[in-house]
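Novice: For reference, the structure I am asking about is given below.
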2 protein chains.
Amino acid sequence: MLSPVLVDILRPLTPRGSRPAKTTVGEATPVLALIIKDGHDELGAALGWSGPSGEGGWARMTQGELGRFSGELTPTEVGRHRVVVQAWTDRYAGWRRDVVKRAAAGQDLTVELEVGARHLDHLVQRATSSGSAAGGLRAAAAGLRDGSLTVDARLAAGLRPDAIAAAAALVPDWDLSEAEVALWVDRERAGFSAWYELFPRSYGGFGGVIEELPRLEALGFDVLYLPPIHPIGHTYRKGRNNTLDPEPGDPGSPWAIGSEEGGHDAIHPELGDEADFLELVAAAQRHGMEVALDYALQCSPDHPWVRQHPEWFTRLPDGSIRYAENPPKKYQDIYPIDFWPEDTADRRALWTACREVLVHWVDLGVRIFRVDNPHTKPFAFWEWLIASVQEEHPDVIFLAEAFTDPPRMLALGEIGFTQSYTYFTWRHSRWELEQYLGELASAPSVDTMRPNFWPNTPDILEGVLRDGPLGAFALRFVLASTLTPNYGIFSGFELGENLPASADNTEYWDSEKYQVVKRDYGAQPNLSPLISAVNASRRRHPALRTLRTLRFHGCDNDQLLVYSKTSEGTGTAGGRDIVLVVVNLDPRSPQAGTLDLEIGALGLGDGAPYTAHDELTDTAYSWTGRHPWVYLNPAVGQPAHLLHLRPG
Amino acid sequence: MLSPVLVDILRPLTPRGSRPAKTTVGEATPVLALIIKDGHDELGAALGWSGPSGEGGWARMTQGELGRFSGELTPTEVGRHRVVVQAWTDRYAGWRRDVVKRAAAGQDLTVELEVGARHLDHLVQRATSSGSAAGGLRAAAAGLRDGSLTVDARLAAGLRPDAIAAAAALVPDWDLSEAEVALWVDRERAGFSAWYELFPRSYGGFGGVIEELPRLEALGFDVLYLPPIHPIGHTYRKGRNNTLDPEPGDPGSPWAIGSEEGGHDAIHPELGDEADFLELVAAAQRHGMEVALDYALQCSPDHPWVRQHPEWFTRLPDGSIRYAENPPKKYQDIYPIDFWPEDTADRRALWTACREVLVHWVDLGVRIFRVDNPHTKPFAFWEWLIASVQEEHPDVIFLAEAFTDPPRMLALGEIGFTQSYTYFTWRHSRWELEQYLGELASAPSVDTMRPNFWPNTPDILEGVLRDGPLGAFALRFVLASTLTPNYGIFSGFELGENLPASADNTEYWDSEKYQVVKRDYGAQPNLSPLISAVNASRRRHPALRTLRTLRFHGCDNDQLLVYSKTSEGTGTAGGRDIVLVVVNLDPRSPQAGTLDLEIGALGLGDGAPYTAHDELTDTAYSWTGRHPWVYLNPAVGQPAHLLHLRPG
């Protein structure tokens, strides 16, 4: 469309711009556009959005500096949305601006009054056709033309009522121009989830897991993630502690998927059968949880696909299949799939088979998948798979387990992954955390990939956790669960399990990957009370459901990390919900410091006192000004303040 | 194209990405791409370019960190180019990397040698079809398979010759994927020009200007820019010093274009006729200069268009035409054109008429236009006009005289303007200059708009020039002419004319816009020797022809601005051409300082001595290390060092 107004949408956009950005139902999502025109006219702008069934809205955008207009949308349905920014020349606003200057300079306004009236006439026509009330505009035009009044009174009729200017500003007018981007909207849990990972075999199978559900519900988790539940290969099966000579009865790694008993669509007989699995899914639902499965596209040498489809694997000149390697390391219990076999028909068959496996579990009621190592399979495969599954089931969530370089992690988010594992596990100092979160919470990252913070996994025991006391687990838990809305822990975390495989190995000794582990979750001390309290606070506070409003604050002690989150119109009495978190990054010693809060940005800037209520200790502090003093002692089980701030 | 390799071109790109970026014939132009693939394969990449007649080239790209590949192209013809980046999986390189690790670990390589030989077989086929020599590759494959050799010798055959690896790396191989962008290539003068602006009427018309040409040639200018040469309106004609009551004989502002004697395609009779103009164009050419005209789309009330096409202007309710205003200021001698009349046919007629005016002057041999206030006419108009003129005449250069906000200045470059006036005129401190130039010399700005630095214009007398001695003019001249490859001055600058219209007005008193000005260009002292020396140095040094390699260096005195430019393969003995400039920003006092040169980046980093030859004083300094000491005294006419650096 040829128009004098140029509109470019700057947000929401992914880095490549060609794929839809992401948000969540109910999430206030910023829209930013660069809108420019030649000359000195005033511009108006509005944004509109609509979802697959037509649900959507329309909102005025606010003009900032240098042609930047901003607005916000909050979607109400799942699926692909259109976001449109419209901009136009607001001739009435330009006339209004100039006529004030002309009047101040004492110029003759006779002609100008008629010019203004004609702008209003035009708006009346537009307002009528767009359904807005045109009465005020018509009255103002009549006033401008009323020869029985003084010039000042006529002018006032056309200028005074701000309501008229506001009504006029809402009518898309001359030179209408627009730009459009796509936006993918996920369901709420895609943007707000607390994951708990456990190996069902350590609980005797699905039945035993069902018995754990009340405990997990009390802890406040809402996603129960199970490592692969499929039959496990026996060729080159790994023994305890990743050894190559298993003892009889060693169960093997669940990621060595497939045996004579079946592949990715089968269930390991020792866990239960399909009926047992369905019972677990249903029981989890009753306890407010969803079951998430592992989607790990690789095969043990005993997987049915190896015999049925040797063309899906890389063959060596001697006819054997190439096993997984990171030269010179060998992983003979795993055959990687070749996702790009030379024959296009083979590729189609393979990709379709991978999709069928996923749809099999979707049909059994699973809607969340943790995807193992997606960065070792083609981006094009994921883009196709996720789009094709979400077309039918837009509620399916994919968590990318990719610990790789930033451009590839971002690309996985861009091509469709719902959530992403991150480097949080390796970020420990205040500087590292501020820098990394600053990146994740900014555009385009925050519009492209949703971080899911894991302080540990079955494979990763890192940083302060390795030789830390239970307080180290406590502080990492508070960080993971309050810095981002999505986080998870692996069973045993609450007990502070921290025996490393060796001094230079970040895996666990006696790792549950290779053996059954029995735990006493009632052992003391443990972090269950802290976990319950934080998860309850997460549910109470809309501010903790978003990453977009994350803001770091100053403190004169580098061992204290200070950050806030806010949510508009959702707090006490419909006001702003404000949460402030102060974490002691030192798990061994008490730390104190004077904060430097940006209270203006928090909406507490008028010098009046405000209350900081610690949700972990149920203690209320009455603060004034930007420099409260805090003290946190890990020895008494206080890793952090989780403060709800409110005026008064 | 479906491929496992993702290719995204990051440079050359304009901010919107949808319009071609810019470069110049002969200009080394960086290309940057993000190229990623799943897994751990090695990737190869190459860039290709081709112009309208098929001239172009092909070059290997170099892998940097995090999936970034860089390369460079140097176009040889004018016009729209295609730039293609191809990327592929280099299986041989991956095999080579891994087999070294396998060999070091003492693994059995029998099968691996055959794997490598097959990769080479494949490359032989590809190399043959793409014309590269395949002999070395074939020999290497045979060596890998030679059972009469030891395994080590066979391996060496496939690995040792780096030439083989290099040849293999040049063959686009498996998973070929590509991306493409458009690039607009201008002729050399678009990227390297020295402008001199003068009012022909002050020299008695075109004949008098011809007499000035030898002087301007001696000064080293190559563009002679004339303000509008058209008939000037008499209605509301401005008198001297912008007064509203002209005396009889006052010539008026040349920007009040049009009278009974004609409009934009006519010549003011007092300057000469068309034959005289053609003579000036030809004479300028003989003196190594091009004539640039002003393209100012506005009309005096006496312009023929006002009578012939009242629909091209804004009509007020009383039937009159709205004159130019910046309320409450009135410019009654100017009628702005309404570029977007309501009737589409009117718009088409108007835009076509504006194009015809331009083509009229192009047909008379003019190829450079300084465009007056383009930011007050629609972007869509310029995009159409420039594209349609350059389609037939790709050598036409458009300089945008837009002093407006950065997003609009950048947008004008993006939609086609060849060069842009800038904020240089208002940037004076070291910090301001470093910050502003850092922005202009970085992507996407440097790929989008070409700055043309003017220390003054007929309307602008700013900063240090306002009350400065001649040395102020000297230092601003050196900055303008060496910071960017395009710059210009307005006649009188060389004499240090600096009488402001008033204390708070940045225009000149007795401005040449409103009256004839006679000058004695031989008056002493003046800057002619400096100007000649700098322009000669600009022509000698390829380094001064580009903005892309600008680099600022440290100095312990903030009054000294230190920067370098380099050009590869163009300096002494075909090496790197290196120019270092040190400017004393203080026009009144001598300043000394110790530099902190990034000599490594300049290619002088091995601790050996190097020579710094000052092209302004013909003095040579022998320096060693990164901390030479400099002293500049404006009292003896030394505003700057303009140093040619070379090893030895």
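The values are calculated or read from the model by the stated rules, or taken from the named source; none is laboratory data. Since the structure is predicted, the reported quantities are computational estimates derived from the model, not experimental observations. Virtual Cβ from ideal backbone geometry, glycine too; neighbours counted across all protein chains shown. Surface areas here come from the heavy atoms of the whole protein model, side chains and all, with no ligands, DNA or RNA. Shrake-Rupley method; radii C 1.70, N 1.55, O 1.52, S 1.80 Å.
Novice: In terms of the Cα gyration tensor, with a ≥ b ≥ c the square roots of its eigenvalues, is region A:231-373 rounded because a/c is under 1.5, prolate because a/b exceeds b/c, or oblate?
Specialist: The shape class here is oblate.
Novice: Could you order A:Asp318, A:Asp459, A:Asp577 so the one with the most accessible surface comes first? Probe is 1.4 Å.
Specialist: Most to least solvent-accessible, the answer reads A:Asp318, A:Asp459, A:Asp577.
Novice: Under the rule that an exposed site lies in a DSSP loop and has at most 11 other Cβ atoms within 10 Å, name the longest stretch of chain A with no GluC sites (Glu not before Pro) of that kind, not counting the sites themselves.
Specialist: A:343-648
Novice: Give the interface area between chains A and B as buried accessible surface, both sides summed, probe 1.4 Å, in Å² to the nearest 100.
Specialist: By this definition, chains A and B bury close to 4200 Å².
Novice: Another question, if that's okay. Write down the percent of antiparallel bridges among all DSSP beta bridges whose residues are both part of chain B, to the nearest 5.
Specialist: 75
Novice: Among DSSP beta bridges whose residues both lie in the protein assembly as shown, state the antiparallel percentage, nearest 5.
Specialist: That works out to approximately 75 percent antiparallel.
Novice: If you count only protein heavy atoms and use a 1.4 Å probe, how large is the accessible surface of B:Ser177, to the nearest 10 Å²?
Specialist: Surface accessible to solvent at B:Ser177 totals approximately 10 Å².
Novice: For the pair B:Arg355 and B:Arg315, what calculated FRET efficiency results from E = 1/(1 + (r/R0)^6), where r is the Cβ-Cβ distance and R0 = 22 Å, to the nearest 0.05?
Specialist: Efficiency at R0 = 22 Å is approximately 0.35.
Novice: Another one. Taking Cα atoms, how many degrees apart are the long axis of helix B:344-363 and the longest axis of chain B, rounded to 10 and kept between 0 and 90?
Specialist: It works out to around 90 degrees.
Novice: Express in Å², to the nearest 10, the accessible area of B:Asp363 obtained by rolling a 1.4 Å probe over the protein heavy atoms while all chains stay in place.
Specialist: Near enough 110 Å² of accessible area.
Novice: Using 7 Å Cα-to-Cβ label points, what is the A:Thr344/B:Ser429 separation (nm, one decimal)?
Specialist: Each label point lies 7 Å from its Cα, and together they span 6.4 nm.
Novice: Okay, next question. Closest to the B-onto-A rotation axis, which residue of chain B has its Cβ, and how many Å off the axis is it?
Specialist: Nearest Cβ to the rotation axis, residue and whole-Å distance: B:Gly17, 4.
Novice: With the full set of protein chains in place, find how many percent of the accessible area of the protein assembly as shown is carbon and sulfur; take the probe as 1.4 Å.
Specialist: Carbon and sulfur together cover 51 percent of it.
Novice: Determine the order of A:Thr624, A:Thr235 by accessible area, beginning with the largest, at a probe radius of 1.4 Å.
Specialist: A:Thr624, A:Thr235
Novice: Output, in nm with one decimal and in ascending order, the distances from the A:Gly54 label point to the matching label points of the other copies (7 Å from Cα along Cα-to-Cβ).
Specialist: 5.6
Novice: Just the number please: accessible area per residue for region B:331-380, 1.4 Å probe, all protein chains included, in Å².
Specialist: For region B:331-380, the per-residue accessible area is 36 Å².
Novice: Students often get this wrong, so check it: of A:Lys22/B:Lys22; B:Lys22/B:Lys518; A:Lys518/A:Lys565; A:Lys518/B:Lys37; B:Lys518/B:Lys565; A:Lys37/B:Lys330, which have C-alpha atoms separated by over 30 Å?
Specialist: A:Lys22/B:Lys22; B:Lys22/B:Lys518; A:Lys518/A:Lys565; A:Lys518/B:Lys37; B:Lys518/B:Lys565
Novice: Taking each label point as 7 Å beyond Cα in the direction of the beta carbon, state the distances from B:Gly554 to the same residue in the other copies, shortest first, in nm.
Specialist: Label-point distances to the other copies, shortest first: 2.6 nm.
Novice: Let me ask something else about it. Which residues of region A:21-65 end up with at least 10 Å² less accessible area in the presence of all protein chains than when their chain stands alone, using a 1.4 Å probe?
Specialist: Buried on complex formation: A:Leu34, A:Ile36, A:Lys37, A:Asp38, A:Gly39, A:His40.
Novice: What list of ³J(HN,Hα) values in whole Hz, one per residue of region A:214-229 in order, does the Karplus curve 6.51 cos²θ - 1.76 cosθ + 1.60 (θ = phi - 60°) give from phi, with Gly and Pro shown as x?
Specialist: Karplus values, whole Hz, x for Gly and Pro: x, 5, 5, 5, 5, 6, x, 7, 10, 10, 10, 9, 10, x, x, 9.
Novice: Please list A:Thr546, A:Thr352 from largest to smallest accessible area, probe radius 1.4 Å, with all protein chains kept in place.
Specialist: A:Thr352, A:Thr546
Novice: Given the protein chains as shown and a 1.4 Å probe, how many square angstrom of A:Thr594 are accessible, to the nearest 10?
Specialist: 50
Novice: I've got another one for you. Please check region B:395-413 for residues whose accessible area, probe 1.4 Å, is lower by 40 Å² or more when all protein chains are in place than in their chain alone.
Specialist: Buried-area filter returns B:Pro407, B:Arg408.
Novice: For A:Asp467 and B:Ser148, what is the calculated FRET efficiency with R₀ set at 60 Å and r taken between the beta-carbons, to the nearest 0.05?
Specialist: It comes to 0.55.
Novice: What shape does region A:374-502 have by the C-alpha gyration tensor, where a ≥ b ≥ c are the square roots of the eigenvalues, rounded means a/c under 1.5, and otherwise prolate means a/b greater than b/c and oblate the rest?
Specialist: Prolate.
Novice: Determine the shape class of the protein assembly as shown: with a ≥ b ≥ c the square roots of the Cα gyration tensor eigenvalues, call it rounded for a/c under 1.5, and otherwise prolate if a/b is greater than b/c, oblate otherwise.
Specialist: Taking the square roots of the gyration eigenvalues as a ≥ b ≥ c, the protein assembly as shown is prolate.
Novice: Normalising by the residue count of region A:543-647, find the relative contact order in percent from Cα pairs under 8 Å and 6+ residues apart.
Specialist: In percent, rounded to a whole number, it is 28.
Novice: Also, I was wondering about something else. Which distance in Å, rounded to a whole number, links the C-alpha centroids of region A:101-126 and region B:606-643?
Specialist: Using only Cα atoms to place each centre, the spacing works out to 64 Å.
Novice: How much length is gained if the chain between B:Asp558 and B:Lys518 is pulled fully straight, taking 0.36 nm per residue apart and subtracting their Cα-Cα distance, in nm to one decimal?
Specialist: Taking B:Asp558 through B:Lys518 to full extension adds about 10.5 nm, to one decimal.
Novice: List the residues, sorted by chain then number, that are 5 or more residues from A:Asp173 or on another chain and whose placed amide H is less than 5 Å from its amide H.
Specialist: A:Thr89
Novice: I've got another one for you. Relative to the other copies, what are the label-point distances for A:Gln125, with labels 7 Å from Cα along the C-beta vector, expressed in nm at one decimal and sorted shortest first?
Specialist: 6.9
Novice: Quick check for me: using +1 on Lys/Arg Cβ and -1 on Asp/Glu Cβ, what's the dipole size of chain A about its Cα centre, in debye to the nearest 20?
Specialist: 1760
Novice: What's the center-to-center distance, using Cα atoms, between region B:274-341 and region B:545-594 in Å?
Specialist: 42
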